[in-house]
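Visitor: Below is the structure I would like to discuss, written out as structure tokens.
The values are calculated or read from the model by the stated rules, or taken from the named source; none is laboratory data. Keep in mind it's a predicted model, so treat the numbers as computed, not measured. Backbone-built Cβ (ideal geometry, glycine too); neighbour counts: all protein chains shown. The protein model used for the area step is the full one, side chains on, heavy atoms only, and it has no ligands, DNA or RNA in it. Shrake-Rupley method; radii C 1.70, N 1.55, O 1.52, S 1.80 Å.
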Amino acid sequence: MIRVITYGTYDLLHKGHIRLLERAKELGDYLIVGVTADNFDRSRGKINVQQTLAERIEAVKATGLADEIIVEEYEGQKIDDIRRYGVDIFTVGSDWKGHFDYLNEYCKVVYLERTQGISSSGLRADSCGIRLGLVGESPILNKVVNESRMVNGIDISGIFSETTKFLSEKLDVVNFSLFKELLDNSDAIYIISNPQRHYCQIKEALLLGKHVLCESPICIKQVEWVELQKIAAEQSCVLMDSIKTAYSTAYYRLLLLAKSGQIGKVVSVEATCTSLDYLQKADSDDIKYIWNSINAWGPTALLPIFQILGTEYLSKTIISHPLNNNSDFDAFTKINFIYPEAVASMIVGQGVKSEGNLIISGTKGYIYVPAPWWKTDYFELRFENPVENKRYFYQLDGEGIRYELVSFVKSIRTKEIFFYVSKDVSKAIVGVIEDFNSRKEFVQI
Ligand code: C2G
């Protein structure tokens, strides 16, 4: 009996896939089909696969062509599978020509002609071509444009910005002088203007039926947050917080480990985020465009606190120091939170420098994420006995931005929520910013 094996993602199964499976089957008597696991696809750069592994397996099964279906989970697994299943022929489409020649050492390799004119990427792009408009003044806009190229179904429609001097390089996109004009030419917008302006900009966009991805905080008052959520629901629009860290693989995994009891019961979360360079480059006219420390870093530093301990803290103390007596711009802010059975603290600063690490302490051990924790690819689980310590490494692709854009597109397309920052966390962040601005539970030093 000749055993044949082939692999693929089989997202939105189409006739190209089916023809390949038919011809693969004809090569022998028994066909094994390897369907890629979501993580494996992520690690090889396929980031916006739309169907889940279960759905993709189901679709392959429904063709009736596979005698056996397996899951492909890691680099190098093909060699293991060929040996384990006694495979005689490995086959794949001609788009991979040459790539799998190394398998000749284990079995025969056959490249089958790829079917022209159809692809999963094409189907994904057809299902939603979202025109994304950019709003604001920040070098992060450059990153968003670069990362959007990795995501199927997004086209940058243009930018509305009061000054482009903060861009790290000139953007090759249409510059709209009116916000309304940008909205008219977009289906969705990404906002990174000063947080004071978010509320008006978001409201105008939502009322015109445009989806919004906004750098957190979404606004600076909780009443405004409630109103914006209501409008978004009425207009069937997506309103999503942008916090890149929430979408970075290492951060997301450590969150799951912390929640699954690996370090026991969590009793303390300490997060520090500081930077100096942005402020040093700016002159006095620019200060209105630069986010103060609590706005720039607060949402990121608050993220692990609220995601691990929840948003129902008993009390907090905000301790802050202004920059050059400019009372609105905090050079440094520390916030201590007390929970019924835990504590947390965050330090943010654009006028101080500190070790930007994250430490989550539990009754059995702790999670240590080295600086800069908000864009890490690595963390450690540490215990009393160092032999038990574990190190975790992940790929950090695009600082989380591309996964954030994928979630945004998926939420728009499916009308379901794929946010990694839940609404209660989003609202609690706005609450902290509001208390900071109204000097509640506040000590100035
Ligand atoms: N295919 C084809 N014609 C198309 C599209 C795809 O013949 N128009 C083939 C591919 O060459 C591949 C299979 O269908 O053999 C599955 O395609 P994908 O789902 O795109 O999977 P792919 O990324 O090619 O994964 O380990 C994974 C494998 O290396 C292949």
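Visitor: For q = 0.20, 0.24 Å⁻¹, what log10 I(q)/I(0) does region 293-396 give under the Debye formula with an equal point scatterer on each alpha carbon and no solvent?
Guide: Debye output, listed in q order: -1.11, -1.31.
Visitor: Right, here's the next one. Determine the distance separating the Cα centre of region 237-266 from the Cα centre of region 103-154; give it in Å without decimals.
Guide: Distance between centres, Cα-based: 25 Å.
Visitor: For the chain, what is the convex hull volume of the alpha-carbon atoms per residue, in Å³? Numbers along the way, then the final one.
Guide: On the way: hull volume 74.1 nm³, N = 445.
In the chain, the Cα convex hull volume per residue is 167 Å³.
Visitor: Of Y252, V223, V238, which is farthest along the charge dipole of region 215-255 in the positive direction, counting Lys and Arg as +1 and Asp and Glu as -1 at C-beta?
Guide: Farthest along the dipole direction, towards plus: Y252.
Visitor: Report, in deg cm²/dmol and to the nearest 500, the calculated mean residue ellipticity at 222 nm for the chain, where each DSSP H run with n ≥ 4 adds -39500 (n - 2.57) and the sum is divided by the residue count. Provide the component values of the computation, followed by the final result.
Guide: Working: 14 runs with 147 residues, N = 445.
Computed ellipticity for the chain at 222 nm equals -10000 deg cm²/dmol.
Visitor: Relative contact order, percent, of the chain when contacts are C-alpha pairs under 8 Å separated by at least 6 residues? Intermediate results must be reported in sequence, preceding the final value.
Guide: Details: 887 pairs, mean separation 59.7, N = 445.
Across the chain, relative contact order equals 13 percent.
Visitor: Could you compute how fast region 246-444 diffuses translationally, taking Rh as the Kirkwood radius over C-alpha pairs and applying Stokes-Einstein at 25 °C with viscosity 0.890 mPa s? Give it in µm² per second. It would help to have the intermediate numbers written out before the result.
Guide: Values: Rh = 17.8 Å.
Estimated via Stokes-Einstein, D reaches 138 µm²/s.
Visitor: Continuing with the same structure: Would you mind working out the magnitude of the charge dipole of region 128-242 relative to its Cα centre, with +1 at each Lys and Arg C-beta and -1 at each Asp and Glu C-beta, to the nearest 20 Debye?
Guide: Working: 11 positive and 15 negative charges, 15 e Å.
Result for region 128-242 is approximately 80 debye, rounded to the nearest 20.
Visitor: If you average the alpha carbon positions of region 368-414 and of region 185-217, how far apart do those two centres end up, in angstrom?
Guide: 27 Å
Visitor: Return one whole number: the accessible area per residue of the chain in Å², for a 1.4 Å probe.
Guide: Values: 19880 Å² over 445 residues.
Spelled out: the 1.4 Å probe surface of the chain, per residue, equals 45 Å².
Visitor: With the dipole of the chain worked out from charges on the C-beta (+1 for Lys and Arg, -1 for Asp and Glu) around the Cα centre, which of V443, I294, V343 lies farthest toward the positive end?
Guide: So the residue we want is V343.
Visitor: Using a 1.4 Å probe over the heavy atoms of the protein chains, calculate the carbon and sulfur portion of the accessible area of the chain as a whole percent. Before the final figure, lay out each step's value.
Guide: Values: 9850 of 19880 Å².
Heavy-atom surface of the chain belonging to carbon and sulfur, 1.4 Å probe: 50 percent.
Visitor: Which one, A371, S119, L20, is farthest towards the positive end of the dipole of the chain when Lys and Arg carry +1 and Asp and Glu -1 on their Cβ?
Guide: So the residue furthest toward the plus end is L20.
Visitor: Once ligands and nucleic acids are excluded and a 1.4 Å probe is used, how much of K46 is accessible, expressed in Å² to the nearest 10?
Guide: Only protein atoms counted, so the area is about 80 Å².
Visitor: Which entries of K364/K390; K210/K230; K143/K203; K210/K415; K244/K440; K78/K410 show an alpha-carbon separation above 19 angstrom in the structure shown? Intermediate results must be reported in sequence, preceding the final value.
Guide: Values: K364/K390 13 Å; K210/K230 14 Å; K143/K203 25 Å; K210/K415 13 Å; K244/K440 28 Å; K78/K410 31 Å.
Where the Cα-Cα span goes over 19 Å, the pairs concerned are K143/K203; K244/K440; K78/K410.
Visitor: Explain nothing, just compute: Karplus ³J(HN,Hα) = 6.51 cos²θ - 1.76 cosθ + 1.60, θ = phi - 60°, for every residue of region 96-104 in order, whole Hz, x for Gly and Pro.
Guide: 9, 3, x, 4, 10, 4, 4, 6, 4
Visitor: Between rounded, prolate and oblate, where does region 128-242 land on the alpha carbon gyration tensor, with a ≥ b ≥ c its root eigenvalues, rounded for a/c under 1.5, else prolate if a/b exceeds b/c? Don't skip to the answer; put the middle values down first.
Guide: On the way: a/c = 1.74, a/b = 1.36, b/c = 1.27.
It is prolate, given that a/c is not under 1.5 and a/b is the larger ratio.
Visitor: Keeping every protein chain in place, order E72, E204 by accessible area at 1.4 Å, biggest value first, i.e. largest first.
Guide: Numbers: E72 5, E204 75 Å².
Correct descending sequence by accessible area is E204, E72.
Visitor: Follow-up question, since we're still on this one. Using the Kirkwood radius built from alpha carbon pairs, what does the Stokes-Einstein equation give as D for region 1-134 at 20 °C and 1.002 mPa s, in µm² per second?
Guide: Numbers: Rh = 15.5 Å.
It diffuses with D of about 138 µm²/s by this estimate.
Visitor: What's the FRET efficiency of Q235 with E105 using the Cβ-Cβ distance as r and R₀ = 51 Å, to the nearest 0.05?
Guide: Details: r = 59 Å, r/R0 = 1.15.
Between Q235 and E105 the formula returns 0.30.
Visitor: Related question: Sort L178, L396, L302 by heavy-atom solvent-accessible area, probe 1.4 angstrom, most to least. Before the final figure, lay out each step's value.
Guide: Working: L178 100, L396 55, L302 0 Å².
The most accessible residue leads, giving L178, L396, L302.
Visitor: How big is the dipole moment of region 335-445 about its Cα centre under a simple scheme where the beta carbon of each Lys and Arg is +1, that of each Asp and Glu is -1, and everything else is neutral? Debye, nearest 20, please. Walk me through the numbers before you get to the answer.
Guide: Working: 14 positive and 14 negative charges, 63 e Å.
Roughly 300 debye for region 335-445.
Visitor: What size of dipole, in debye to the nearest 20, comes out for the chain about its Cα centre when the only charges are +1 on Lys and Arg C-beta atoms and -1 on Asp and Glu C-beta atoms?
Guide: Values: 50 positive and 58 negative charges, 54 e Å.
The dipole of the chain has a size of about 260 debye.
Visitor: Additional query: Roughly what % of DSSP beta bridges within the chain run antiparallel, to the nearest 5?
Guide: Values: 34 of 83 bridges.
If I count the DSSP bridges inside the chain, around 40 percent turn out antiparallel.
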